[in-house]
Every structure is written in structure tokens, then in C-alpha cells.
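Colleague: Structure below; questions to follow.
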Amino acid sequence: NATDSTVAVETLDDVPEHVLRGLPEDVRLFPSAVDKTRLGVWATKSILKGKKFGPFVGDKKKRSQV
């Protein structure tokens, strides 16, 4: 049911502190444009191609796996 109010919505309280600390200055977490129950990563200004930030924590996936 699309109007079911029991659907859990991800909030900043659900995000581990190390993830928030690792975000670049111009990146924020806001509700996803794809799934309103999840957070999405949003840039507050353009990010140059090849820009790296981290540290990365987790399992790396190939493009075909995501």
C-alpha cells in the first residue's frame, strides 16, 4: 500500500559517524531522488572528474555488480 505510514525512512541518525566524517566538504546526504525512504549523496557544487575522497570503508564492487 503506497500510503502505508509504517515504512521505515532512513535518517542521518542511521548513518555511521565515520561515514559522515569521510564526506567531502561539498557533499551532503539528503533524501534520495530515486527512493524517498533512503538517503542519497548530493553535491553542493560540481565535482571534477577523477576527484578522490575517502577513506573508503566497505567492499569494493565492480560496475556490473551494482
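The values are calculated or read from the model by the stated rules, or taken from the named source; none is laboratory data. Just so you know, these numbers come straight off a predicted model, no measurement behind them. All Cβ positions, glycine included, derive from the backbone under ideal geometry; neighbour counts span all protein chains shown. Just so you know, the surface numbers come from the protein's heavy atoms only, side chains and all, with ligands and any DNA or RNA stripped out. Shrake-Rupley method; radii C 1.70, N 1.55, O 1.52, S 1.80 Å.
Colleague: Determine the gain in length on full extension of the stretch Arg63-Lys45; use 0.36 nm per residue of separation and subtract their C-alpha separation, reporting nm with one decimal.
Modeller: 4.0 nm
Colleague: Could I ask something else about it? Between beta-carbons, use under 14 Å as the cut-off and find the net charge around Gly40, counting Lys and Arg +1, Asp and Glu -1.
Modeller: That sum, taken over residues with Cβ under 14 Å, equals 0.
Colleague: Using a 1.4 Å probe and ignoring any ligands, DNA or RNA, find the accessible area of Asp13 and quote it in Å² to the nearest 10.
Modeller: 150 Å²
Colleague: Can you run the Rg to Rh ratio on the chain? Use alpha carbon positions and the Kirkwood inverse-distance Rh.
Modeller: Taking Rg over the Kirkwood Rh, I get 1.01.
Colleague: Carbon-plus-sulfur fraction of the accessible area of the chain, 1.4 Å probe, in percent?
Modeller: Its accessible area is 54 percent carbon and sulfur atoms.
Colleague: If ligands, DNA and RNA are left out, what is the accessible area of Thr44 with a 1.4 Å probe, given in Å² to the nearest 10?
Modeller: 80 Å²
Colleague: To continue, here is another question. Give me a comma-separated list of calculated 3J(HN,Hα) values for the stretch 21-28, in order, Karplus coefficients 6.51, -1.76, 1.60 applied at θ = phi - 60°, integers in Hz, x for any Gly or Pro.
Modeller: Running phi through 6.51 cos²θ - 1.76 cosθ + 1.60 with θ = phi - 60° gives 5, x, 6, x, 4, 9, 10, 9 Hz.
Colleague: Still on this structure, I have one more. What is the set of long-range amide H partners of Val27 at a cut-off below 5 Å, with H atoms built 1.01 Å from backbone N?
Modeller: It is Thr44, by chain and number.
Colleague: Let me have the 222 nm mean residue ellipticity of the chain computed from DSSP H runs of 4+ only, each contributing -39500 (n - 2.57), with the sum over all residues rounded to the nearest 500.
Modeller: Computed mean residue ellipticity for the chain: -2000 deg cm²/dmol.
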